[in-house]
Amino acid sequence: MTERISVALCTHNGARFIEAQLRSILAQSTPPDEIVLSDDASTDDTVDVAIALVGSIALPQLDFVVLRNPKALGVTANFESAIRATTGELIVLSDQDDLWYPDRLSRAIKEFDARPGLDFLFADARLVDAEGVDQGRNLFSVLEVSEQDLTALHRGDGFSVFIRRNIATGATSMFRRRLLEVALPFPTGWVHDEWLAVVAATVGQLDSLNAALIDYRQHASNQIGVDYPTFRRKVRRALEPRGGRNDRLATQFAQLAERLDSVQDRVLPERLAHARTKAAFEAIRQALPAQRRRRLWRVLAADRRGWYSEYASQGRLDMVRDLLQPHGE
């Protein structure tokens, strides 16, 4: 392995956890060549703790870069800033509050070394609480990643998965720098990891490791966490008023189609066509009438085209959702 490895580490008021996270990064069996820490206007001593720790450990091969945002940019823009500042050919995303297993980097690097065409790799994680206590669940189970999803990924068809929904978490991810030729700049409608993953699935190769490589900490101050898919939560989600989610999906996939249109030479024609259809499908869902009875023919027309099965995150369950949800204000 000769490629330079960079870690893009983003922080915001993370003094409580940053030392443990950095120690787990610095203790890797294959250490990184560079850590770019981008702090998003913290009001605690996150940066001071990080600088003191890195300075106390003799790692002459490590380049440690600190960026400080005087005003908070938000998670996605902060990660974009950190990623832009990296110099490695392989870039690893890191939150401030997780714990990496000692072979987290070496296992991912092994995959990239063996597969020159691989652009993006993500993995499972063990869920722990603020004190690091195992919650008895893994990330893939909470995200309801299916065997069908994993089979599609491993056979090189990540696009069919990610055109429906995101199942990649940035804290477990590594990607090649060349992906940024299409992915930058990050559109405002997307979270950074979702965007990188769907772009990789569309213009390159994406895969997963079906093993936990980190402890993914869940606590009250998470900037991005996971929701446990309880039955009650699913029912509440199905009955919540239409509006925000539909607006978000319509915006996101319009942005994806627009980006792909600008790099058509990098995209397989059938994938570009599917991305455009997905954008049209989400626009139709966004524009469904407030009156339920007036939605019926539009929903049925989309279903006859197979769009719910191919493009909706929950398949035909989303069809029922679109018919029954009350209209938001």
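The values are calculated or read from the model by the stated rules, or taken from the named source; none is laboratory data. None of the values given here were measured: they were computed from a predicted structure. Quick reminder, even Gly has a Cβ in these numbers, built from the backbone with ideal geometry, and neighbours come from all protein chains shown.
Below are the figures for this structure:
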item	result
Listing of helices (runs of 4 or more DSSP H) fully contained in the stretch 121-166 that carry 1 or more residues being in contact with a helix residue (DSSP H, G or I) (Cβ under 6 Å, 6 or more places away or on another chain)	147-154, 158-162
Qualifying residue in the stretch 51-61 (condition: modelled with pLDDT of 95 or more, in contact with a Ser or Thr (Cβ under 7 Å, 6 or more places away or on another chain) and surrounded by fewer than 22 Cβ atoms within 10 Å (Cβ to Cβ))	no
Matching residues, the stretch 284-326, being in contact (Cβ under 8 Å) with a residue 60 or more places away in the chain and of a type in the set (Phe, Trp, Tyr)	311
Index of the failed condition, residue 313 passing every other in (1) assigned to a helix (DSSP H, G or I); (2) under 26 Å from the mean Cα position of the chain (by Cα)	(1)
Candidate set: the stretch 4-21, residues that are outside any strand (DSSP E or B) and in contact with a strand residue (DSSP E or B) (Cβ under 8 Å, 6 or more places away or on another chain); chosen: the one nearest to residue 214 (Cα to Cα)	21
Some residue of the stretch 292-304 being outside any helix (DSSP H, G or I) and surrounded by fewer than 16 Cβ atoms within 10 Å (Cβ to Cβ)	no
Hey, residue 42 buried (at least 16 other Cβ atoms within 10 Å of the Cβ), assigned to a strand (DSSP E or B) and at pLDDT 95 or above or not	no
Every residue from the stretch 45-74 that is in a loop (DSSP other than H, G, I, E, B) and free of Cβ contacts under 8 Å to residues at least 60 places away in the same chain	45, 57, 58, 59, 60, 61, 62, 70, 71, 73, 74
Hits in the stretch 75-110 (condition: in a loop (DSSP other than H, G, I, E, B) and among the acidic types (Asp, Glu))	89, 95, 97, 98, 103
Pair list, Cβ under 6 Å, 6 or more apart: the stretch 255-268 residue outside the structural domain of residue 159 (by TED's automatic domain parsing), other residue surrounded by fewer than 17 Cβ atoms within 10 Å (Cβ to Cβ) and modelled with pLDDT of 95 or more	255/187
Residue match in the stretch 185-192 (condition: surrounded by 23 or more Cβ atoms within 10 Å (Cβ to Cβ), touching a Lys or Arg at 6+ places or on another chain (Cβ under 8 Å), touching a residue at least 12 places away in the same chain (Cβ under 8 Å) and not assigned by TED's automatic domain parsing to the domain that holds residue 248)	no
Within the stretch 22-32, tally of residues that are touching a strand residue (DSSP E or B) at 6+ places or on another chain (Cβ under 9 Å) and outside any helix (DSSP H, G or I)	5
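Residues are listed down the side, and each one gets a yes or a no for (1) in the same structural domain as residue 271 (by TED's automatic domain parsing); (2) touching a His at 6+ places or on another chain (Cβ under 6 Å); (3) free of Cβ contacts under 8 Å to residues at least 40 places away in the same chain; (4) surrounded by 17 or more Cβ atoms within 10 Å (Cβ to Cβ):
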residue: 133; (1), (2), (3), (4): no, no, yes, no
residue: 139; (1), (2), (3), (4): no, no, no, yes
residue: 143; (1), (2), (3), (4): no, no, no, yes
residue: 162; (1), (2), (3), (4): no, no, no, yes
residue: 171; (1), (2), (3), (4): no, no, no, yes
residue: 174; (1), (2), (3), (4): no, no, no, yes
residue: 203; (1), (2), (3), (4): no, no, no, yes
residue: 211; (1), (2), (3), (4): no, no, no, no
